[in-house]
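K.L.:
Sharing a structure below in C-alpha cells format, with a few things to ask.
The values are calculated or read from the model by the stated rules, or taken from the named source; none is laboratory data. What you are looking at is a predicted structure, and each value in this text was computed from that prediction instead of being measured. Cβ coordinates were reconstructed from backbone atoms using ideal geometry, including for glycine residues, and neighbour counts include every protein chain displayed. Note: accessible area is taken over every heavy atom of the protein model, side chains too, but ligands, DNA and RNA are not part of it. Shrake-Rupley method; radii C 1.70, N 1.55, O 1.52, S 1.80 Å.
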Amino acid sequence: MSEKIVLIDGHSILNRAFYGVPDLSNAKGFHTNAIYGFLNIMFKIIEEEKADYLTIAFDVNAPTFRHDIYKEYKGTRKPMPQELREQVPVIKEVLKAMGVFTIEKPGLEADDILGTIAKRSEKEGLEVSLVSGDRDLLQIASEHIKIRIPKTKGGKTEVIDYFAKDVEAEYQVDPIQFIELKALMGDASDNIPGVPKIGAKTATELMVQFGSLESIYDNIEKITKKSIKESLIVNKDLADLSKILATINIDSDIHFELQDAKLGMLYTKEAYVFFKDLEFKNMLSRFEEKQEKSQVSKEFKSIITNSEMNLIFKECQNSEQLGIQIFQHNNEVFGISIAFSEHDIYWIGINDDIKKEQLLPYIASLKKNEIGTFDIKKTYDFLDIENTQKLFDISIAAYLLNPLKNDYEMEEVANEYLGFHFSGRSELFGKTDFLKAYEEKQNEFIEYACNCAYAAWKVIPVLRKNLKETGMISLFEEIEMPLSYVLYDMEKEGIELRPKELKAYGEALLERIHELEELIYKGAGETFNINSPKQLGEILFGKLQMPGGKKTKTGYSTAAEVLEKLSVEFPLVADVLEYRGLAKLKSTYADGLANCLDKNNRIHSTFNQTIAATGRISSTEPNLQNIPMKMELGRKIRKVFVPKEGFLFMDADYSQIELRLLAHMSADTQLIEAYRMNEDIHRITASKVFHTPFTEVSDFQRRNAKAVNFGIVYGISAYGLSQDLNIGVKEANEYIEQYFKTYPGVKVFLEKLVEDAKETGYVTTLFGRRRPIPELKSTNFMQRSFGERIAMNSPIQGTAADVIKIAMIKVWQRLNRENLKSKMILQVHDELLIETAVDEVEQVKAILTEEMMNAAKLDVSLEIDLHTGENWYETK
C-alpha cells in the first residue's frame with residue numbers, strides 16, 4: 001500500500017473555522033474559535049486518512065496574491081478580523097508543540113506551495129489528501145490527489161472529497177479546464193475578476209460547448225447571446241488575466257524534504273499545556289489515550305477484608321493530609337476512596353466482610369488529618385466534624401481561583417493544577433448513578449474513585465499556594481469553608497410546606513390563567529397558542545400591527561423586554577405578560593414543589609457556593625430564591641411555607657446593602673453623609689440631583705432618583721436608564737451626569753475600578769474575592785462595555801455576597817452556641833429566614849440584629865428590616 005501525505009491550507013482552514021465555529025474565548029478573554037475549529041478538522045482528517053506524513057502551509061503574515069499584476073483587485077480583499085488575526089501565531093505555536101511540519105515562503109501563496117508539494121508527492125508514488133476551503137485547488141485533483149473541502153457550521157464539520165472524476169461530475173469540466181471555468185465566472189472571495197455578465201451557469205455552458213478559453217475566442221461568432229458575446233470581446237484582457245490569477249503554480253521554488261513531514265507523536269507535554277490554557281477540555285482526553293499512563297494507576301489497591309481496612313485507617317492516622325471521596329446512593333455509603341501518599345491509594349467498598357456499620361466509624365474518626373475532598377457538603381453526614389479548619393473543599397478552592405468556569409469536576413481540577421489526566425464521570429459512566437456504575441463497571445469505577453482521592457490529596461498544597469498568592473486564603477478558610485457547614489445544616493433542616501394550601505394555590509393560579517386566556521383571545525379576535533412565540537408574534541405585530549415588531553428568522557420577537565414596553569399602552573400585552581408569569585408559577589412552583597416534599601412535608605433545597613461568579617449563593621432543586629415577587633399572586637406562594645408547630649418565621653433583610661457599600665467603598669463624603677442623616681436615601685438623592693428642598697421632593701423625582709441610585713451600582717448606561725424610566729437618552733444622561741456631580745467620589749471610584757481591571761484583568765471585593773473580566777480585552781465594543789459594567793458592579797455585589805455569608809456564619813454559630821431550638825433555614829440574596837421557637841423570639845431578634853449589623857465595619861451602618869409571621873408571606 002502506498003504511503004499517504006496530508007496537506008492542509010493553514011489560513012484557508014483557519015478562516016473557515018473562524019466563521020463556522022461560534023465565538024469561543026478562554027478565561028483570559030483570548031478568542032479561540034478558529035484554533036478550535038482548525039484542530040477539530042485536522043484531527044478528523046488525520047484519523048480518517050491514517051496518513052504517514054502531514055504538512056501545513058501558511059501564507060506569510062496573511063493571505064497574499066499569486067500575482068501582483070492586478071493591483072486594483074488586490075486592494076479589494078477585506079482585512080482579516082482582529083479576533084482571527086490574533087489566533088494565527090497561536091495555532092502555529094500549537095502545531096510546533098505537536099511536532100507538525102509547517103511551511104511558508106514570502107512571495108508564495110499557500111496553495112502554490114501545496115500544489116507544488118502535491119504534484120511532487122504524486123510523482124514519488126504517494127497518495128495525497130489536500131485540505132483547503134479554496135476550490136481553486138480542484139485544478140490539481142487527479143487519480144492520486146484528493147482535494148478535501150471542509151464545511152463547518154455550528155461547530156460541526158463535514159468534508160466533501162474531490163478526485164479528478166468528482167470534479168468532472170460536479171462541474172462538467174476536468175481539473176485543468178476548471179482553471180478556465182473560474183477565469184470566466186470569476187471568484188470574488190479570491191479576487192479573480194472574471195468576465196462581466198458571465199455567471200457559473202453560462203461559464204459552464206461555454207466550457208462544455210467549446211472546451212477551452214482559447215476555443216471560445218476562436219469561435220466567438222458562434223455565441224448567439226449578444227450581451228455575452230460583447231462582454232467576452234470587450235473584456236478579453238480581463239479573461240486572460242483571470243486565467244493567470246486562477247492558475248496555481250505547481251512548480252514553485254520551495255525546499256521540501258518528505259522526512260520533515262513524517263507524522264509523529266502529536267500529543268506531547270508541550271502541546272498539553274497549550275490545550276489546557278486554551279481550555280479545549282474535550283480534546284484533553286486525546287492526551288490520556290496517547291501518553292503513557294500515570295505511574296500512580298499501578299498503585300491502586302482494593303481493600304476487601306475487615307483486617308486490611310483496620311490497618312489502612314491506622315496508617316492514615318499518621319498522615320498530615322488525606323484525600324478522600326465518599327460514595328453513596330440514596331444517602332447510604334457503599335464505599336470510600338482514600339489516598340495519603342504517592343503509593344497509598346485505596347478503595348474500600350462494602351462487601352460480605354466489610355459492613356457499613358464497620359466502615360462508618362472509621363470515616364468518622366478522621367479528625368486529626370487535614371482532609372481534602374470534592375464537594376465537602378456531601379461528606380459532613382459521615383465525617384462528624386463541625387470545625388472546618390482541617391477540611392479542604394477542592395471544588396470551592398478551584399472556584400475561588402476561577403469563578404467563571406461552568407464546573408469544577410475533580411478531573412478538570414487535576415488537569416489544570418497537576419497536569420494529571422483521568423477520565424471523568426460523564427466520560428466513563430454517562431448519566432449512570434455511581435452505585436450502578438460500581439456494579440456494572442467495577443474496575444473502571446474503582447480506578448476513577450482512586451484517581452479522585454489521589455488528586456484530592458495531591459492538589460491541596462497547589463491550590464493553597466495559589467490562594468495565598470492571589471490573597472484569597474482568608475476568604476477560603478474563614479468564610480467559604482465555615483459557610484459550607486452552615487449550608488449543609490440548612491439543607492438538612494429544610495422548610496415545611498402545606499400540601500393542601502399548595503394545591504389550593506395551584507387551583508387559584510389555574511383559574512386566573514383561564515381568565516387571562518379568554519381576555520387574550522378576545523383582544524386578539526381569535527384563539528391561538530399563547531405559548532407559541534411565533535403565533536403570538538403574528539397576532540401582535542402581524543394582525544394587530546403593534547409597533548416595535550422585530551422580525552427574526554423564526555418570526556417576530558416576543559421577548560419580555562419587547563412586550564414590557566408595549567404593555568403600558570396595550571392591555572392585551574399586559575395580559576400576556578401576566579399569563580406567562582402565572583404559567584411559570586404553576587409549572588415551576590405549584591406543580592413542581594409538590595414533587596420535592598419529604599415524608600414530613602419539608603423541602604430540602606440545595607445551596608450552591610460555586611456557581612455565581614460574584615460569589616452569591618444560589619439555590620437549586622428546587623430554586624427557592626427565584627420566586628416572582630412583582631405580582632401579588634407570585635408573592636402569595638410564600639403563604640404555603642410555614643414553620644413547624646411551636647415556631648414562627650423571623651425574616652431579616654439587609655436594607656440597601658449595595659448602596660451602603662458603594663458609599664463606603666467610594667469614600668464619597670456626600671453619600672456617606674446622606675446615609676448618616678438616617679433619612680430616605682432616594683429622597684435625599686432626588687433633593688440633591690434635582691436641586692429641590694428635601695420636603696418638596698415629588699414621588700416622581702424620588703422614583704427617578706431611586707432608579708439612578710440602583711442603576712449606578714450596576715454600571716447602568718444612559719440608554720439603560722432611559723429604558724427603565726421611559727425617558728429620552730439625553731435626559732437620562734443628564735440624570736447620570738448630575739448624579740456624579742452630586743457624588744463625585746462615586747464617579748472617581750467607578751472609573752478607577754474599570755481602569756484597574758483593564759490593567760490586571762480582574763476586580764476584587766473588600767474581602768479579597770477576585771472576579772476575572774476577560775470581556776475587557778475583547779475587540780467587540782458591546783463585549784467591552786459589558787466588561788466595564790461588570791468591573792463597576794462586581795466589587796460591590798461581591799462584597800455584599802461576602803457580608804451576608806459572614807452574617808450567616810455568625811448567626812448560625814450564635815444559635816448553636818446558645819443551644820437554641822431556632823434554626824436558620826433559608827437564604828435569599830440579602831435575606832435570612834429563621835424558624836424561630838416562640839419562646840426564643842427576643843433572643844433570635846437580638847442575634848440577627850447584632851450579627852448582621854456587625855458583619856462588616858463600614859463608614860456607614862449596615863441596617864436590617866426584621867419581621868415575624870405565621871408564614872413566609874407575612875414576614876415581608
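K.L.:
Quick one: how many Å² of Arg789 are accessible to a 1.4 Å probe, rounded to 10?
P.N.:
We get 90 Å² for Arg789.
K.L.:
Follow-up question, since we're still on this one. If ligands, DNA and RNA are left out, what is the accessible area of Ser12 with a 1.4 Å probe, given in Å² to the nearest 10?
P.N.:
20
K.L.:
Cα to Cα, under 19 Å, and not fewer than 8 places away if on the same chain: which lysines meet these conditions relative to Lys465?
P.N.:
Lys465 reaches Lys390.
K.L.:
Setting aside same-chain residues fewer than 8 positions from Lys752, which lysines have a Cα under 18 Å from its Cα?
P.N.:
Lys741, Lys777
K.L.:
Right, here's the next one. On the first, second and third principal axes, largest extent first, how far apart are the outermost C-alpha atoms of region 591-689 in Å?
P.N.:
Cα spread of region 591-689 along its principal axes, largest to smallest: 55, 31, 28 Å.
K.L.:
A further question on this structure: Lysines near Lys534 by alpha-carbon distance under 24 Å, same-chain residues fewer than 8 away left out - which ones?
P.N.:
Qualifying lysines at Cα under 24 Å: Lys522, Lys543, Lys550, Lys551, Lys553, Lys565, Lys584, Lys586.
K.L.:
What number, in percent, do you get for the relative contact order of the chain if the mean sequence gap of Cα pairs under 8 Å and at least 6 apart is divided by its residue count? Let's see the in-between values first.
P.N.:
Numbers: 1398 pairs, mean separation 84.5, N = 876.
Rounded, it is 10 percent for the chain.
K.L.:
May I pose another question? Rank these residues by their accessible area, most exposed first, probe 1.4 Å: Lys269, Lys688.
P.N.:
Values: Lys269 155, Lys688 65 Å².
Of Lys269, Lys688, the descending order of accessible area is Lys269, Lys688.
K.L.:
Using only protein heavy atoms and a 1.4 Å probe, report how much of Leu866 is accessible, in Å² to the nearest 10.
P.N.:
Accessible area, nearest 10 Å²: 40 Å².
K.L.:
What full-extension length gain, to one decimal in nm, is calculated for Gln317 and Glu645 as 0.36 nm per residue of separation minus the Cα-Cα distance?
P.N.:
Values: separation 328, 0.36 × 328 = 118.08 nm, distance 4.46 nm.
Roughly 113.6 nm would be gained on extension.
K.L.:
Projecting each Cα onto the charge dipole of region 353-445 (Lys/Arg +1, Asp/Glu -1 at the beta carbon, about the Cα centre), which of Thr373, Phe434, Asn415 comes out farthest on the positive side?
P.N.:
Going by the charge dipole, the pick is Thr373.
K.L.:
Compute the acute angle (0 to 90°) between the alpha-carbon long axis of helix 657-666 and the principal axis of greatest extent of the alpha-carbon atoms of the chain; round to the nearest 10°.
P.N.:
70
K.L.:
Moving on to the next point. Starting from the residue with the highest accessible area, list Lys262, Lys50, Lys810 in decreasing order, probe 1.4 Å.
P.N.:
Values: Lys262 95, Lys50 155, Lys810 70 Å².
These residues rank, largest area first, as Lys50, Lys262, Lys810.
K.L.:
Between Lys225 and Glu561, what FRET efficiency follows from the Cβ-Cβ distance if R0 is 41 Å, with the result rounded to 0.05? Provide the component values of the computation, followed by the final result.
P.N.:
Numbers: r = 54 Å, r/R0 = 1.32.
Computed FRET efficiency for Lys225 and Glu561 comes out at 0.15.
K.L.:
What is the percent of Cα-Cα separations in the chain that go past 42 Å? Could the numbers behind the result be given before it?
P.N.:
Numbers: 201482 of 383250 pairs.
Result for the distance tail: 53 percent.
K.L.:
Then there is this: Helix-derived [θ] at 222 nm for the chain: sum -39500 (n - 2.57) over DSSP H runs of at least 4, divide by residue count, nearest 500? List each step's numbers first, then the result.
P.N.:
Values: 37 runs with 415 residues, N = 876.
Computed mean residue ellipticity for the chain: -14500 deg cm²/dmol.
K.L.:
Over 23 Å between Cα atoms, which of Lys599/Lys810; Lys119/Lys269; Lys377/Lys636; Lys503/Lys599; Lys492/Lys805 qualify?
P.N.:
Values: Lys599/Lys810 31 Å; Lys119/Lys269 35 Å; Lys377/Lys636 32 Å; Lys503/Lys599 17 Å; Lys492/Lys805 18 Å.
Distance filter (> 23 Å) returns Lys599/Lys810; Lys119/Lys269; Lys377/Lys636.
K.L.:
Modelling each spin label as a point 7 Å along the Cα-to-Cβ direction, I'd like the Thr204/Ala846 distance in nm, to one decimal.
P.N.:
9.1
K.L.:
Arranged from highest to lowest average of other beta-carbon atoms within 10 Å per residue, in what order do the peptides 492-504, 107-119 appear? Intermediate values should be presented prior to the final figure.
P.N.:
Numbers: 492-504: 16.1, 107-119: 23.8.
Per-residue Cβ counts within 10 Å, averaged per peptide and sorted highest first, yield 107-119, 492-504.
K.L.:
Rounded to the nearest 5, what % of the DSSP beta bridges within the chain are antiparallel ones?
P.N.:
Approximately 65 percent, going by the DSSP bridge assignments.
K.L.:
So which of Lys706/Lys876; Lys123/Lys165; Lys92/Lys243; Lys356/Lys378 end up more than 23 Å apart, counting from Cα to Cα? Intermediate values should be presented prior to the final figure.
P.N.:
Details: Lys706/Lys876 20 Å; Lys123/Lys165 19 Å; Lys92/Lys243 32 Å; Lys356/Lys378 17 Å.
Among Lys706/Lys876; Lys123/Lys165; Lys92/Lys243; Lys356/Lys378, the Cα-Cα distance tops 23 Å for Lys92/Lys243.
K.L.:
Dipole of the chain, Cα-centred, from +1 at each Lys and Arg C-beta and -1 at each Asp and Glu C-beta, to the nearest 20 debye?
P.N.:
1240
K.L.:
Sticking with this one: Give me the angle, in degrees from 0 to 90, between the Cα long axis of helix 699-713 and the longest principal axis of the Cα atoms of the chain, rounded to the nearest 10.
P.N.:
60
K.L.:
Once fully extended, how much extra length lies between Arg498 and Asp253, figured as 0.36 nm per residue of separation less the alpha-carbon to alpha-carbon distance?
P.N.:
Between Arg498 and Asp253, full extension yields an extra 79.8 nm.
K.L.:
Of Glu439, Glu480, Glu788, which has the most accessible area with a 1.4 Å probe, and how do the rest follow in descending order? Can you show the working numbers first?
P.N.:
Details: Glu439 125, Glu480 0, Glu788 60 Å².
Ranking Glu439, Glu480, Glu788 by accessible area, largest first, yields Glu439, Glu788, Glu480.
K.L.:
While we're here: Based on the Cβ-Cβ distance of Asp277 and Gln82, what FRET efficiency does E = 1/(1 + (r/R0)^6) give at R0 = 22 Å, to the nearest 0.05? The partial results should precede the final answer.
P.N.:
Details: r = 20 Å, r/R0 = 0.91.
Approximately 0.65, to the nearest 0.05.
K.L.:
Using R₀ = 22 Å, calculate the FRET efficiency as 1/(1 + (r/R₀)^6) where r is the Cβ-Cβ separation of Lys368 and Arg602; round to 0.05.
P.N.:
0.05
K.L.:
Pairing the Cα long axis of helix 481-493 with the longest principal axis of the chain, what angle in degrees results, from 0 to 90 and rounded to the nearest 10?
P.N.:
For helix 481-493, the angle is close to 70 degrees.
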